[in-house]
Amino acid sequence: MNTFLKRLLILLSIVAIGLFLYSHFVENIFSPRLSPKDTVEFKLNDLKLEVFYNRPSKKGREVFGALVPFNKVWRTGANEATTFETNKNLMIQGIYLPKGKYTLWTVPKDSTWNVMFNTKQYDWGVDEEMQVMWDPNYDLLEIDVPVEKIDSTVEQFTIAFDNSTDNLQLTMAWDNTKIEVPLKVLKDQN
């Protein structure tokens with residue numbers, strides 16, 4: 001066997017072993033994630049909004065007040081920290097949010113949710129002890145929004161943008177709960 005083929009087989013063996021070890025110790029790349037990654041975008045004229053998050057499923061469990069405790073900071077999804085990015089300055093309930101990238105954290109309660117836009121970027125949503133990695137010192141904006149109980153059950157946590165009434169909203173829904181965060185785009189100053 002010539003030298004080129006031997007080197008190629010050695011290289012392919014090393015790659016195969018590397019993929020196996022990564023899959024076994026880090027993330028199983030050969031099976032679907034329990035909480036798949038998703039990115040939702042909203043574009044209108046020159047506005048671009050984007051949310052990256054992971055979508056856990058209900059799977060017959062009681063969600064809010066149980067799986068996601070009331071009155072505790074939640075990473076707003078699963079796995080990696082949820083991010084919100086805007087290319088335009090926004091007003092959210094009268095509070096200024098400059099264009100940029102933020103992590104999104106929530107405190108679910110029975111009748112309201114506290115929503116925080118945090119300037120720090122976190123690789124993951126929780127640490128090894130399953131404690132949220134959120135640091136309140138980096139909160140740029142914090143608001144309360146009412147909870148809406150919905151008739152249908154949302155199986156998989158869903159974040160979306162709704163502009164159906166020309167009132168742009170960032171919505172979050174899971175189980176029988178939905179919230180809406182009002183977003184107002186500020187005009188560019190020349």
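The values are calculated or read from the model by the stated rules, or taken from the named source; none is laboratory data. Note that the structure is a prediction, hence the values are computed from the model and not measured. Because the Cβ atoms are built from the backbone with ideal geometry, glycine has one as well, and the counts that use them run over all protein chains shown. These area figures cover heavy atoms from the full protein model, side chains too; ligands, DNA and RNA do not enter into them. Shrake-Rupley method; radii C 1.70, N 1.55, O 1.52, S 1.80 Å.
Structural remarks
A quick yes/no check of all residues on (1) under 15 Å from TYR53 (Cα atoms); (2) surrounded by fewer than 20 Cβ atoms within 10 Å (Cβ to Cβ); (3) touching a strand residue (DSSP E or B) at 6+ places or on another chain (Cβ under 7 Å):
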position: PRO98; (1), (2), (3): no, yes, no
position: LEU104; (1), (2), (3): yes, no, yes
position: LYS109; (1), (2), (3): no, yes, no
position: THR112; (1), (2), (3): no, yes, yes
position: THR119; (1), (2), (3): no, yes, yes
position: TYR122; (1), (2), (3): yes, no, yes
position: MET133; (1), (2), (3): no, yes, yes
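- Of the strands (runs of 3 or more DSSP E) lying entirely inside the range 42-117, those carrying at least 2 residues that are touching a Gly at 6+ places or on another chain (Cβ under 9 Å) are 47-54, 83-86, 100-108.
- Filter result for ILE143 (in a strand (DSSP E or B), more than 14 Å from the chain's Cα centre (by Cα), closer than 20 Å to LYS88 by Cα and not acidic (Asp, Glu)): yes
- The listed residues are VAL181, VAL145, and the only one of them that is more than 26 Å from LEU34 (Cβ to Cβ) and touching a residue at least 60 places away in the same chain (Cβ under 8 Å) turns out to be VAL181.
- Hits in the range 157-185 (condition: open to solvent by less than 50 Å² (accessible area, probe 1.4 Å), more than 19 Å from THR112 (Cβ to Cβ) and in contact with a Lys or Arg (Cβ under 9 Å, 6 or more places away or on another chain)): THR158, LEU168
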